[in-house]
Amino acid sequence: MGRIFTKRGVSLTQNIERGVGQLNSRIKEILRILAEEYPHAKTELHYNNPFQLLVAVILSAQTTDRQVNKVTDKLFAQVQGPADILEMGLFRLEEQLKSLGLFRQKSRQIMETSRILLEKYGGKVPDTREELESLPGIGRKSASVILSTAFGVPALAVDTHVARVSRRLGLTGGGNPFAVEEDLCLLLPPDLWTLTHHRLIAHGRKICRAKNPLCDKCALSTHCPKNIVTA
Ligand code: SF4
């Protein structure tokens with residue numbers, strides 16, 4: 001594995017050698033409980049190959065995975081790769097996506113990304129952050145999801161759930177997704193980044209909700225400095 005740097009340029013190479021055994025006992029306990037509560041946490045987006053995951057990730061901006069799956073379950077019966085998107089054309093793609101917010105913008109991004117994949121990458125989805133982030137509709141968080149989920153590359157995508165739950169648990173004081181990612185990546189060994197991402201999302205959706213977190217039902221409450229949250 002090559003060297004991994006955070007946004008502030010801190011080398012994470014040393015973390016690659018680290019294990020949970022070197023984490024402090026509170027964090028170890030939080031990770032243990034998350035693993036117990038959400039042993040099979042993974043992305044809820046439906047996909048069969050890296051290209052379909054990329055499309056689903058573009059579509060998931062500002063909408064729920066459930067809404068995306070409703071659309072892609074039908075779309076992916078016709079679309080396996082970027083050539084299928086170009087053959088479908090913008091008008092028919094928009095028709096398929098029109099139940100989703102920002103569907104015109106997302107349709108254009110998917111069309112353009114498909115064209116680039118065919119012209120530059122032989123129709124394959126690239127597996128480096130730099131290449132992924134150069135594609136329309138793919139930012140840092142989306143690239144992290146694709147890298148970790150489709151290619152098994154350690155990456156910790158920070159969405160609203162990951163940021164909120166991490167802050168409440170005192171794992172980070174980061175005020176933006178980059179800072180939260182950096183704190184979590186420095187705190188955890190790379191082999192736990194992807195799983196912890198999925199488990200924090202699962203906990204955020206089920207228990208540690210943005211409004212009215214269910215602290216009285218939370219398995220992490222004795223380890224959480226924010227367990228007095230009531231609204
Ligand atoms: S105790 Fe409350 S604030 Fe803390 S992680 Fe659990 S639900 Fe979230």
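The values are calculated or read from the model by the stated rules, or taken from the named source; none is laboratory data. For clarity, every value in this text was computed on a predicted model and none was experimentally measured. FYI the Cβ positions are ideal-geometry reconstructions off the backbone, even for glycines, and counts take in every protein chain you see.
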Note on region 202-216: residues of a type in the set (D, E, K, R) and within 8 Å of the ligand (Cβ to nearest atom) are R209
Determine whether A56 is modelled with pLDDT under 95, of a type in the set (A, V, I, L, M, F, W, C) and touching a helix residue (DSSP H, G or I) at 6+ places or on another chain (Cβ under 9 Å). no
Residues of region 159-185 being touching a helix residue (DSSP H, G or I) at 6+ places or on another chain (Cβ under 7 Å) and touching a residue at least 24 places away in the same chain (Cβ under 8 Å), which ones? D159, H161, V162, R164, V165, S166, L169, L171, P177, L184, C185
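Conditions (1) under 30 Å from G89 (Cα atoms); (2) more than 16 Å from the ligand (Cβ to nearest atom); (3) touching a Leu at 6+ places or on another chain (Cβ under 8 Å), marked per residue:
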site	(1), (2), (3)
V125	yes, yes, yes
G175	no, yes, no
V180	no, no, no
K226	no, no, yes
A163 in a loop (DSSP other than H, G, I, E, B) and surrounded by 17 or more Cβ atoms within 10 Å (Cβ to Cβ): no
Checking L156 against (1) outside any loop (DSSP other than H, G, I, E, B); (2) more than 22 Å from Q52 (Cβ to Cβ); (3) in contact with a helix residue (DSSP H, G or I) (Cβ under 9 Å, 6 or more places away or on another chain): exactly one of these is not met. Which one? (1)
Answer with yes or no whether S166 is of a type in the set (S, T, N, Q) and within 10 Å of the ligand (Cβ to nearest atom). yes
Surrounded by 14 or more Cβ atoms within 10 Å (Cβ to Cβ), under 18 Å from the mean Cα position of the chain (by Cα), of a type in the set (K, R) and near the ligand (Cβ under 9 Å from one of its atoms), is that true of R199? no
So G204 ticks every box in (1) modelled with pLDDT under 95; (2) within 28 Å of Y38 (Cβ to Cβ) but one. Which box is left unticked? (1)
